[in-house]
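**Q** Quick one: the structure is below, questions incoming.
The values are calculated or read from the model by the stated rules, or taken from the named source; none is laboratory data. Predicted, not measured: the structure shown is a model, and the values here were computed from it. In this analysis, Cβ positions are derived from the backbone assuming ideal geometry, glycine residues included, and neighbour counts consider all displayed protein chains.
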Amino acid sequence: MAKSIISEGKTSTEAIENGLKQLKVSKDKVEIKILESEEKRSFFSILAPRIVKVELTLKEEEKESNKEHKPIKEEKQTEKEKRTPLNKEEIEKIKENLEIFLNEFIANMENMQYDIKFENEYVYVTLNGKDAGKLIGYRGETLNSMQTILSAIANKQVTTRAHVILDIEGYRAKRQKALEELADKLTRTVINTGKQVTLEPMPAYERKIIHNRLQDSKRVKTYSIGEEPYRKVVITKK
């Protein structure tokens, strides 16, 4: 039976982080459920500075450490095989779930707009506006936590799990470009010095950007080491 815990915090982000520390896993290893308090709470209030309870349940799946040591091309093929597009009813329900939350959310922010797009099983949510940048956080930490919350909200009463990707003010594209440039720079360092380079800890989606950038290189290869949340990419000569 999957292990579950109840975690608390002043905000949903803090509650989730506290739970992840207890379980010693990353966010992609758990199912997250925002629990209602004794008083009736709105969607927006889960981000308010009150005592918030969340339930974290460990996913019953292969550990990421095993998956990431497989060739990237094999990983991509596996992902394609597992893709299940959302049907019309699920798209409508997910859109409704997100709109209820986002409409209340932007009502408390100045000049904020959102957009929701669907592609297969992916749901792309973008936020833009005067206050949007405040939601990104250091290297996207706040953005990633909010993405986790949106994912939990979107998947309520939906059979096929949707993968929510949140972007704020084009941050994802900027971060991807920066990581790709870093990968290119470190590749030159590895080739010139003959020594492997270990990057700083990164979340799974950022590590994948590095892997994908260098997967076709004839001179270097990449792999990941360590345990979440301190897992790192290593670049070394072939």
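**Q** Against the definition (among the polar types (S, T, N, Q) and modelled with pLDDT of 95 or more), how does Q147 come out, yes or no? Break it down stepwise before answering.
**A** Working: among the polar types (S, T, N, Q): yes; modelled with pLDDT of 95 or more: no.
In short, no.
**Q** Being under 18 Å from the mean Cα position of the chain (by Cα) and either surrounded by fewer than 16 Cβ atoms within 10 Å (Cβ to Cβ) or free of Cβ contacts under 8 Å to residues at least 40 places away in the same chain (or both) is the filter here, so list the residues in segment 209-228 that pass it. Working first, answer last.
**A** Taking segment 209-228 as the starting set, the residues that turn out to be under 18 Å from the mean Cα position of the chain (by Cα) are 209-212, 224, 227-228.
Matches in segment 209-228: I209, I210, E227.
**Q** Considering only segment 182-218, state which residues are modelled with pLDDT of 95 or more and touching an Asp or Glu at 6+ places or on another chain (Cβ under 6 Å).
**A** R213, the sole residue that qualifies.
**Q** Take segment 216-238 and flag every residue that is farther than 30 Å from L23 by Cβ, polar (S, T, N, Q) and in contact with a Lys or Arg (Cβ under 7 Å, 6 or more places away or on another chain).
**A** T236
Conditions (1) modelled with pLDDT of 75 or more; (2) surrounded by 11 or more Cβ atoms within 10 Å (Cβ to Cβ), marked per residue:
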residue: I16; (1), (2): yes, yes
residue: L20; (1), (2): yes, yes
residue: K33; (1), (2): yes, yes
residue: E39; (1), (2): no, no
residue: F43; (1), (2): no, yes
residue: L47; (1), (2): no, yes
residue: V54; (1), (2): yes, yes
residue: K63; (1), (2): no, yes
residue: P85; (1), (2): yes, yes
